[in-house]
Amino acid sequence: MSKKSDLKRAIADTEKEIEALEKKRARSQSVLLSAIVSKTEPNPTDVEYFRVFTALIDERRQALRQLMEELENLKK
C-alpha cells in the first residue's frame, strides 16, 4: 500500500511543479509575444528563459507519465 501512496504523492508533487514552471514560462512567453506583436527583436535572456522552462516542463511531464504508468501497473 505504501508504494501506491508514495506514487500518488510523487504524482501530485510533480503536477504542482509543472504548474509552477508553466507560470514562470508564461512570463517570458508574454514578453516574447509582445516583441513579436511590436515587431522588435526579443531580449535574448527572455528567449533563453523560455527555452529553459520549456525543457524543464517537458522533462517533468515525462517523469509524470512514468509515475502514472508505474501506478497503473501496480493497480493491475
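Please treat every number below as a calculation from the coordinates, not as lab data. Predicted, not measured: the structure shown is a model, and the values here were computed from it. Here the Cβ positions follow ideal geometry from the backbone for every residue, glycine too, while neighbour counts run over all protein chains shown.
Rounded to whole numbers, the Karplus 3J(HN,Hα) couplings from phi for region 13-22 are 5, 5, 4, 5, 5, 4, 4, 5, 5, 5 Hz, using 6.51 cos²θ - 1.76 cosθ + 1.60 with θ = phi - 60°, and x at Gly and Pro. Rg and Dmax, both from the Cα atoms of the chain and both in Å, are 17.0, 56.
Suppose R0 equals 22 Å; then what is the FRET efficiency for A20 and N73 from their Cβ-Cβ distance, rounded to the nearest 0.05?
Details: r = 28 Å, r/R0 = 1.26.
The calculated FRET efficiency here is 0.20.
Lys-Lys pairs in region 12-76 that are eight or more residues apart or on separate chains and whose Cα atoms lie under 26 Å of each other come to 4.
Helical runs assigned H by DSSP (4 residues or longer) give the chain a calculated mean residue ellipticity at 222 nm of -32500 deg cm²/dmol, each run adding -39500 (n - 2.57) before division by the residue total.
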